[in-house]
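A.B. asks: Handing you a structure now.
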Ligand code: NAD
């Protein structure tokens with residue numbers, strides 16, 4: 001397949017390289033001039049998309065996505081599919097789908113989970129919104145870049161699934177970390193805390209698969225000085241998107257809001273920037289009840 005890939009950053013570069021390695025003809029563009037193994041470098045985004053059957057974008061936010069899409073749509077081949085894998089606000093995902101749809105293009109919003117390790121190993125999970133025909137066109141590419149693609153319905157639903165999932169993740173990670181810090185102060189060993197909770201009703205992915213306590217449970221960023229993993233600022237980005245969506249949909253999300261406030265202070269006022277999102281545990285460890 002002829003593929004254009006726009007945004008060759010931490011995630012985009014390895015994803016594009018995997019597509020090239022699988023034998024697809026991939027042309028890439030990034031404003032920073034980065035490239036990826038096996039990927040032909042285009043001079044502009046417009047040059048990259050010319051003749052492409054699928055155009056993949058992997059960009060920082062909705063504003064940049066809207067900008068890039070407005071620039072490339074007039075240069076895309078009719079019937080081609082625009083596949084956005086960035087994490088952006090639901091409104092931007094739906095706006096670009098409308099713009100591209102009006103130009104006769106198929107569109108999918110397909111944010112990912114799995115991080116840079118998943119991008120490199122081709123084991124991402126894609127949460128996909130958009131029409132069935134475009135989904136079928138992109139399916140072989142999802143199979144190369146990931147291990148699972150879930151079709152969640154109409155445009156924007158992929159982003160909706162992603163931010164709801166990550167809102168749960170942010171909330172459960174905070175709950176797990178504050179419970180560990182309380183257990184410490186109550187004199188419970190972390191090992192005992194893990195053994196009980198991971199097999200009891202308090203269990204969750206945050207406890208069982210990504211335990212925030214060093215030396216306890218499976219290997220996780222906690223065992224590596226809280227080097228990300230999934231950086232606290234990326235969690236903050238996703239939580240903010242969840243609150244933006246909740247506001248637009250008039251949904252009450254008190255726990256999501258509390259998690260957003262906590263990650264905001266952690267990243268912006270404390271030492272959370274550049275640390276894994278599970279470093280909430282040492283944060284709670286340091287603090288006492290006011
Ligand atoms: P990144 O900052 O490493 O990459 C983004 C790339 O987009 C950069 O190389 C930048 O130069 C390029 N770019 C910016 N504006 C551009 C433009 N106008 N035209 C072309 N290229 C442009 O970010 P990343 O970690 O690769 O994340 C990309 C997306 O994936 C984000 O939306 C992020 O939220 C999401 N995501 C990241 C992770 C992760 O672990 N890093 C996990 C899941 C989802």
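The values are calculated or read from the model by the stated rules, or taken from the named source; none is laboratory data. Remember, it's a predicted structure, so these values are computed and weren't measured experimentally. When we count neighbours, we look across all protein chains shown, and the Cβ atoms used for this are built from the backbone with ideal geometry, even at glycine.
A.B. asks: Of these, 45, 25, 32, which one is without any contact (Cβ under 8 Å) to a residue 60 or more places away in the chain, farther than 20 Å from residue 61 by Cβ and either within 12 Å of the ligand (Cβ to nearest atom) or surrounded by fewer than 18 Cβ atoms within 10 Å (Cβ to Cβ) (or both)? Don't jump to the end; show me each part of the working.
C.D. replies: On the way: 45 fails: farther than 20 Å from residue 61 by Cβ; 32 fails: farther than 20 Å from residue 61 by Cβ.
Answer to the check: 25.
A.B. asks: Restricting to the range 121-154, what's the tally of residues that are over 14 Å from residue 56 (Cα atoms), more than 16 Å from the ligand (Cβ to nearest atom) and in a helix (DSSP H, G or I)?
C.D. replies: Of the residues in that region, 4 qualify.
A.B. asks: Looking only at the range 82-109, which residues are over 22 Å from residue 42 (Cβ atoms), in contact with a helix residue (DSSP H, G or I) (Cβ under 7 Å, 6 or more places away or on another chain) and not in a helix (DSSP H, G or I)? So that I can check it myself, show each step before the final result.
C.D. replies: Quick first cut of the range 82-109, residues over 22 Å from residue 42 (Cβ atoms) only: 87-95, 97-98, 101-102, 104, 109.
Then drop every residue that is not in contact with a helix residue (DSSP H, G or I) (Cβ under 7 Å, 6 or more places away or on another chain), which leaves 87-93, 95, 109.
Scanning the range 82-109 gives 87, 88, 89, 109.
A.B. asks: So, in the range 155-173, how many residues would count as being in contact with a strand residue (DSSP E or B) (Cβ under 8 Å, 6 or more places away or on another chain) and either more than 19 Å from residue 229 (Cβ to Cβ) or outside any helix (DSSP H, G or I) (or both)?
C.D. replies: 7
A.B. asks: Has the range 217-240 got any residue that is at pLDDT 95 or above, closer than 24 Å to residue 61 by Cβ and away from the ligand (no atom under 14 Å from the Cβ)?
C.D. replies: No, the conditions are met nowhere in the range 217-240.
A.B. asks: Moving on to the next point. Which condition breaks for residue 20 when tested against (1) assigned to a helix (DSSP H, G or I); (2) within 12 Å of the ligand (Cβ to nearest atom); (3) without any contact (Cβ under 8 Å) to a residue 40 or more places away in the chain?
C.D. replies: The single condition residue 20 does not satisfy is (2).
A.B. asks: Give the residue, chosen from 118, 79, that is touching a residue at least 24 places away in the same chain (Cβ under 8 Å), out of contact with any helix residue (DSSP H, G or I) (no Cβ under 7 Å at 6 or more places or on another chain), part of a helix (DSSP H, G or I) and under 24 Å from residue 143 (Cα atoms).
C.D. replies: Answer to the check: 118.
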